Amino acid sequence: MEIFIGVESTAHTFGVGVVDSSGRVLANVKDSYTSADGGMIPDKVALHHKEVAERIREEAFSVAGIAWGDVSFIAYSAGPGLDPALWAGYNIVKVWSEKEGKKIVGVNHCCAHLSIGKVWNKLEDACYLYVSGVNTQVIVETPPTVAGREGKYLIIGETLDIGLGNMLDKFGRVLGLGFPAGAAMEKLALQGKYVELPYAVKGMDVSFSGILTKVEQMYKSGKISKEDACFSVQETAFAMCTEVVERAMAHTGKKELLLVGGVGANMRFCSMLQTMCEERGAKFFKVPMDLAGDQGAMIAWEGFLRRDSYGDVSIKPHWRTDEV
């Protein structure tokens with residue numbers, strides 16, 4: 001049984017995960033940069049990663065009960081992500097690799113979310129909804145025989161501007177909720193009522209910038225309370241995502257839906273998708289909270305799957321899911 005580690009550093013989280021070749025997570029330790037009102041400041045995020053890296057690695061090794069001699073290779077998130085954060089993680093991994101004599105494998109962060117969800121839920125033919133800070137994508141797997149395509153994943157719908165998580169965090173800063181804002185917004189939304197906001201679905205794609213602009217204007221002019229704003233933003237944005245992923249399932253005939261990414265921690269979002277799947281005779285799947293957001297275990301598992309395809313690829317800040 002092989003053991004390998006994964007290092008996540010695409011955005012505000014630095015994580016180290018330990019996974020074996022059966023997909024069993026032995027440790028998954030992380031530390032995330034937070035800010036009271038400034039969101040993600042790239043240079044400060046990179047500094048955070050450098051400061052916590054060795055402590056997080058030591059804790060992960062302790063939890064897993066391993067030493068460097070047990071590790072077959074180191075996987076790392078090569079992209080997509082923030083340049084300074086990616087470079088910080090890559091440089092840390094290079095130091096560990098050279099010191100311990102371990103091969104490194106750069107992997108796609110987005111695909112890692114899909115892979116860990118697939119192995120955790122033992123899925124065969126899922127439609128994926130990937131909703132994080134930067135990314136909002138509806139994804140399916142394509143057969144390797146599809147002419148003219150390289151790789152495994154096909155994006156059939158996505159955001160045309162900002163990701164859903166970023167939209168929520170941007171409005172959270174307007175409300176003074178700090179960063180990240182998702183959990184605080186979800187709590188406020190429980191006391192809110194619906195106020196109409198722009199609903200922007202364009203075919204299989206979505207757009208969130210209009211929602212952000214409108215609700216910010218309404219809140220600053222006193223036309224909407226914090227609670228109503230949070231409830232209305234959630235209901236509108238989540239309904240948009242539910243609509244496009246239901247259409248994707250109808251067109252592709254998929255009977256499994258997997259939700260991955262940090263926004264997947266929102267219980268209201270999950271309940272909407274669960275209801276949609278039940279009405280379609282499909283099954284809804286998600287991952288546990290500790291695998292929903294960014295973390296090292298998913299990078300480790302994706303590294304195992306790609307160990308013969310990739311090696312030291314430096315960083316790829318704009319590496320798309322459908323390029324894998």
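Scanning the range 259-281 for residues that are surrounded by fewer than 19 Cβ atoms within 10 Å (Cβ to Cβ) and assigned to a loop (DSSP other than H, G, I, E, B) gives a single hit, 281. All of (1) more than 18 Å from the chain's Cα centre (by Cα); (2) part of a helix (DSSP H, G or I); (3) over 28 Å from residue 160 (Cβ atoms) hold for residue 124 with one exception: (2). Among the residues of the range 292-303, is any touching a Leu at 6+ places or on another chain (Cβ under 8 Å) and outside any loop (DSSP other than H, G, I, E, B)? Checked the range 292-303: at least one residue is touching a Leu at 6+ places or on another chain (Cβ under 8 Å) and outside any loop (DSSP other than H, G, I, E, B). For beta carbons closer than 6 Å, sequence separation of 6+ or different chains, a first residue in the range 204-220 that is acidic (Asp, Glu) and a second that is part of a helix (DSSP H, G or I), the qualifying pairs are 216/174. Take the conditions (1) of a type in the set (A, V, I, L, M); (2) touching a strand residue (DSSP E or B) at 6+ places or on another chain (Cβ under 7 Å); (3) surrounded by fewer than 21 Cβ atoms within 10 Å (Cβ to Cβ); residue 86 misses just one of them, which is (3). Looking across the range 63-90, the residues that are assigned to a helix (DSSP H, G or I) and in contact (Cβ under 8 Å) with a residue 24 or more places away in the chain come down to 63, 64, 68, 70, 83, 84, 85, 86, 87, 88, 89, 90.
Just name the residue that is farthest from residue 254 (Cα to Cα) out of those in the range 136-172 that are in a loop (DSSP other than H, G, I, E, B), at pLDDT 75 or above and in contact with a Lys or Arg (Cβ under 8 Å, 6 or more places away or on another chain). It comes out as 162. Note on the range 283-319: among residues that are surrounded by fewer than 21 Cβ atoms within 10 Å (Cβ to Cβ) and among the small types (Gly, Ala, Ser), the one that is farthest from residue 1 (Cα to Cα) is 314. Go through the range 91-135 and give me each residue that's surrounded by fewer than 21 Cβ atoms within 10 Å (Cβ to Cβ), within 15 Å of residue 306 (Cα to Cα) and at pLDDT 95 or above. 103 - this is the single residue of the range 91-135 that is surrounded by fewer than 21 Cβ atoms within 10 Å (Cβ to Cβ), within 15 Å of residue 306 (Cα to Cα) and at pLDDT 95 or above.
The values are calculated or read from the model by the stated rules, or taken from the named source; none is laboratory data. Not measured: the values here are computed from a predicted model. Backbone-built Cβ (ideal geometry, glycine too); neighbour counts: all protein chains shown.
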